[in-house]
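Below: one structure, written as structure tokens.
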Amino acid sequence: GSVRCVAVLPDGRIVSGSEDGTVQLYDPQGGPPETILEVSSGVSGLCTLPDGRLVAGGGNEICVWDPATREVVPGTSNERIFCVAAGPGPNQITCGTANGLLILELSPWLWG
């Protein structure tokens, strides 16, 4: 599908988010991409957290992918997400929505 956003992991691998909802991982040295997660309504934003985890957002969904464990932690937002950025805090993301900026604290649903 059409690529809507990209991010680079701390180890140099490239991640793309597509209109079809797939998030794919690319090795810049070559080889085929690997689908690492899916968001049901299309991916509209990607960012990396300070600890190297990847955040993908689209529709009302937010997924966090840990490259070390390859585990996906899903979450939801009350608003449609158009873009995501890491921060301002180490466990927060800022989302662009139709109603302005939304800062989400990831700690409660990532670490219980």
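In table form, for the structure just shown:
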item: Pairs where the first residue, in region 96-112, is modelled with pLDDT under 85 and the second is among the hydroxyl-bearing types (Ser, Thr, Tyr), C-beta under 7 Å, 6+ apart; result: none
item: Subset tally (residues that are closer than 22 Å to Thr22 by Cα and either part of a strand (DSSP E or B) or of a type in the set (A, V, I, L, M) (or both)) for region 57-112; result: 34
item: Region 52-80 residues that are closer than 15 Å to Val15 by Cβ and in contact (Cβ under 8 Å) with a residue 24 or more places away in the chain, paired with ones that are of a type in the set (Lys, Arg) and crowded, with 20+ Cβ neighbours inside 10 Å (beta carbon under 8 Å, 6 or more apart); result: Val64/Arg53; Trp65/Arg53; Pro67/Arg53
item: Verdict on Thr69 being more than 20 Å from Cys5 (Cα to Cα), modelled with pLDDT under 85 and among the β-branched types (Val, Ile, Thr); result: yes
item: Filter result (assigned to a loop (DSSP other than H, G, I, E, B), in contact with a Phe, Trp or Tyr (Cβ under 8 Å, 6 or more places away or on another chain) and not hydroxyl-bearing (Ser, Thr, Tyr)) within region 37-53; result: Arg53
item: Cβ pairs under 8 Å, 6+ apart, first in region 1-25 and in contact (Cβ under 8 Å) with a residue 40 or more places away in the chain, second polar (S, T, N, Q) and not in a strand (DSSP E or B); result: Arg4/Ser44; Cys5/Ser44; Gly17/Ser44
item: Subset tally (residues that are closer than 16 Å to Glu105 by Cα and in contact with a Lys or Arg (Cβ under 8 Å, 6 or more places away or on another chain)) for region 38-64; result: 2
item: Any hit, region 14-36, residues being assigned to a loop (DSSP other than H, G, I, E, B), closer than 24 Å to Asn91 by Cβ, within 14 Å of the chain's Cα centre (by Cα) and β-branched (Val, Ile, Thr); result: no
item: Verdict on Val84 being crowded, with 18+ Cβ neighbours inside 10 Å and in contact with a helix residue (DSSP H, G or I) (Cβ under 7 Å, 6 or more places away or on another chain); result: no
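The values are calculated or read from the model by the stated rules, or taken from the named source; none is laboratory data. This structure is a prediction, so every number in the text was calculated from the model and none was measured. Ideal geometry is used to build each Cβ from the backbone, glycine not excepted, and the neighbour counts take in all protein chains shown.
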